[in-house]
Amino acid sequence: MPGMLSGSIIVFALSASAFATPALIGGRRLKVVATAAYDEFLGTLNWPLGASIAVLPLIANVSPNAASSTFSSDAMRMTP
C-alpha cells in the first residue's frame, strides 16, 4: 500500500498548506479548516483550539490509512 500512503501524504500536505486559496476566493467570510485554524492561532490567540482544529484533518487522514494497512497485512498473512 505504498501508493495509498504517498497519495494521502500529498493530499494532506496540499490541503494543510492551502489556506490562502479560500481566503483569496471567498475572503475571510468563507471558513474552511485551514482558515479556521489560522484565525484561531493568529486572530484570537486561542492556541489550544487552533491546534485541535489543525489535528482534525490529520486524524481524518491517518485513521483510514492505518486501518487499511492493518487489514491488508492481515489478508497477506492468510494467503498461502
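The values are calculated or read from the model by the stated rules, or taken from the named source; none is laboratory data. Model, not experiment: these values are computed from the prediction. So basically every Cβ, Gly included, is an ideal-geometry build from the backbone, and we count neighbours across all protein chains shown. Protein only, heavy atoms only, side chains kept; ligands, DNA and RNA dropped before computing areas. Shrake-Rupley method; radii C 1.70, N 1.55, O 1.52, S 1.80 Å.
Structure summary
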{"quantity": "Selection count, the stretch 37-61, where residues are among the hydroxyl-bearing types (S, T, Y) and under 17 Å from the mean Cα position of the chain (by Cα)", "calculated": "2"}
{"quantity": "Residue satisfying all of: in the stretch 26-60; in contact (Cβ under 8 Å) with a residue 12 or more places away in the chain and open to solvent by 80 Å² or more (accessible area, probe 1.4 Å); farthest from L5 (Cα to Cα) among these", "calculated": "Y38"}
